[in-house]
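These notes concern the structure reproduced below.
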Amino acid sequence: MPKSTRTRSTRRAGRGRTATGTIETIIRPSQSMPVKVLLAVWRWRWELLVLASIAYITIAHGAAITSYFQSNPLWLNALLIIVLCGWIITDNPARRFVLNRIWCVITRHRLRACLVEMRTLNYSGNLPFIFGCLSTKTGQIVWLWMRPGLSMEDLDNKAETIASACWARSAVIARSKRNAAVVRIEINRRDPLSKTHITSPLLNDTSDMPEAAVADDAVLAFLTPDDVPDESTNERPAKTGSGETRTRTSKTKTTAAVNDNQAVILGANGEDVSDYV
């Protein structure tokens with residue numbers, strides 16, 4: 001029997017070795033510095049634009065603004081500040097645009113962080129490219145360009161995770177019909193119909209009345225077309241085998257009086273349509 005090639009030290013190390021957990025390796029793409037700088041500028045473009053605007057106003061017009069406020073009386077400066085605060089608080093197109101852009105920036109950053117945490121990467125370590133984020137009446141719409149090795153299947157059953165990461169009510173993921181690499185994620189933050197009372201245009205005469213106060217005659221009068229002539233007949237009521245008495249009142253509608261005083265409405269083919277009234 002051949003001897004083992006393991007030494008005593010190897011055997012001792014093997015005996016004392018403990019099992020370790022699973023090691024996950026995340027591959028980072030090897031990108032050049034110009035590419036990294038361009039991606040960072042694209043990702044933080046709105047923040048950089050705001051900082052550049054503040055720096056320009058401070059450097060170019062800071063002295064003029066300071067001298068203007070120093071030359072004005074105190075009550076005028078207080079009035080200007082109150083008007084500015086009121087303009088910011090009240091609903092206006094500029095305020096809506098700023099808030100929508102802020103939420104678009106937040107949604108884009110939160111979605112990218114969610115994709116990183118969900119490990120939605122290809123084998124090169126690249127994330128889906130977020131090339132657009134638009135504001136809607138209910139939230140935002142984010143457009144993703146899936147890199148090679150990624151598809152919409154990588155986002156299956158991830159709608160609740162994305163909605164939770166973006167602080168939204170829900171998220172809907174859909175693929176473009178023309179290009180499989182384009183994925184549309186709709187972030188719903190509010191329901192426009194939640195605080196709106198919608199009244200039905202049907203039964204205008206009885207829509208505001210309680211259900212017990214609506215008479216059957218009023219409903220029949222509302223459902224009966226005005227151009228249908230009221231044709232009465234002198235025919236004797238026909239008795240059926242079940243004890244019901246039917247009387248034909250028009251060509252297209254038949255009413256029946258049941259022994260238990262319940263009105264039964266029959267259609268032209270004799271079908272009971274009482275449940276639909």
Handout entry: Residue, modelled with the highest pLDDT, within the range 101-127, restricted to residues that are open to solvent by 10 Å² or more (accessible area, probe 1.4 Å), closer than 16 Å to Ser164 by Cα and β-branched (Val, Ile, Thr)
Key = Ile106
Problem - the range 73-100, residues that are under 16 Å from Ala168 (Cα atoms) and either among the hydroxyl-bearing types (Ser, Thr, Tyr) or surrounded by 13 or more Cβ atoms within 10 Å (Cβ to Cβ) (or both) - result: Asn100
Completion exercise
Log entry, pairs with first residue in the range 111-124 being small (Gly, Ala, Ser), second being modelled with pLDDT under 90 and open to solvent by 10 Å² or more (accessible area, probe 1.4 Å), beta carbons closer than 7 Å, six or more apart or on different chains, reads Ser124/Ile27; Ser124/Pro29
Exercise for the section: Take the residues in the range 128-158 that are of a type in the set (A, V, I, L, M) and buried (at least 17 other Cβ atoms within 10 Å of the Cβ), then tell me which one is farthest from Pro192 (Cα to Cα). Expected result: Leu150
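The values are calculated or read from the model by the stated rules, or taken from the named source; none is laboratory data. As the structure is a prediction and not an experimental result, all values here were calculated from the model. All Cβ positions, even for glycine, are placed from backbone atoms using ideal geometry, and neighbour counts span all protein chains on display. These accessible areas exclude ligands, DNA and RNA; they are computed on the full protein's heavy atoms, side chains included. Shrake-Rupley method; radii C 1.70, N 1.55, O 1.52, S 1.80 Å.
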